[in-house]
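Visitor: My questions will all concern the structure given below.
The values are calculated or read from the model by the stated rules, or taken from the named source; none is laboratory data. These numbers were taken from a predicted model, which means no experiment stands behind them. Here the Cβ positions follow ideal geometry from the backbone for every residue, glycine too, while neighbour counts run over all protein chains shown.
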Amino acid sequence: MSRPQILIAIMGVDQHENGAISVSRTLREAQMDVRYAGLFHTADSLLARAQAEDADVIGISCHSWEFMHYVPELMTMLASAERAIPVVVGGSVLTPKDKQHLAELGVAACFSAGAEPDAIVDEIRRLAQPRVDARVAAD
């Protein structure tokens with residue numbers, strides 16, 4: 001059985017990584033293969049890493065508003081590269097207006113601070129499943 005391949009990263013100069021590390025640990029405990037890419041990513045570097053890792057889901061941790069600059073660019077680049085990798089954004093600064101804007105861009109899910117770990121696991125697993133199924137069928 002193939003495990004979901006999850007890439008977690010922080011974009012821009014946001015240096016708050018506790019949430020990303022915590023979510024990474026939660027997903028690993030749920031039997032997902034998680035790569036924590038760390039800090040200071042741009043849309044270019046994150047797309048390159050997602051392609052190299054064959055990520056099923058890209059998770060972006062945000063604790064500053066820089067993601068509002070980088071996520072639209074990432075979504076455009078994913079579409080141009082014809083990579084149907086769901087993007088999930090989570091963090092303490094997500095407002096309802098931000099979530100609506102991100103959904104309009106094609107972001108698959110958003111989680112605010114305090115989201116229940118089981119809800120995060122269930123949603124990430126649901127989003128990853130089509131790519132996992134395709135990988136298994138190809139083997």
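Visitor: State which residue is modelled with the highest pLDDT when the search covers only the range 1-44 and only residues that are assigned to a helix (DSSP H, G or I) and touching a Phe, Trp or Tyr at 6+ places or on another chain (Cβ under 6 Å).
Guide: Ser24
Visitor: Taking the condition of being of a type in the set (D, E, K, R), surrounded by 13 or more Cβ atoms within 10 Å (Cβ to Cβ) and outside any helix (DSSP H, G or I), how many residues in the range 61-101 meet it?
Guide: The total comes to 2.
Visitor: Oh, and also: Can you report the number of residues in the range 127-139 which are surrounded by 14 or more Cβ atoms within 10 Å (Cβ to Cβ) and of a type outside the set (A, V, I, L, M, F, W, C)?
Guide: The total comes to 2.
Visitor: Does Glu116 meet the test of being surrounded by fewer than 18 Cβ atoms within 10 Å (Cβ to Cβ) and either among the hydrophobic types (A, V, I, L, M, F, W, C) or modelled with pLDDT of 95 or more (or both)?
Guide: For Glu116, the condition - surrounded by fewer than 18 Cβ atoms within 10 Å (Cβ to Cβ) and either among the hydrophobic types (A, V, I, L, M, F, W, C) or modelled with pLDDT of 95 or more (or both) - is met.
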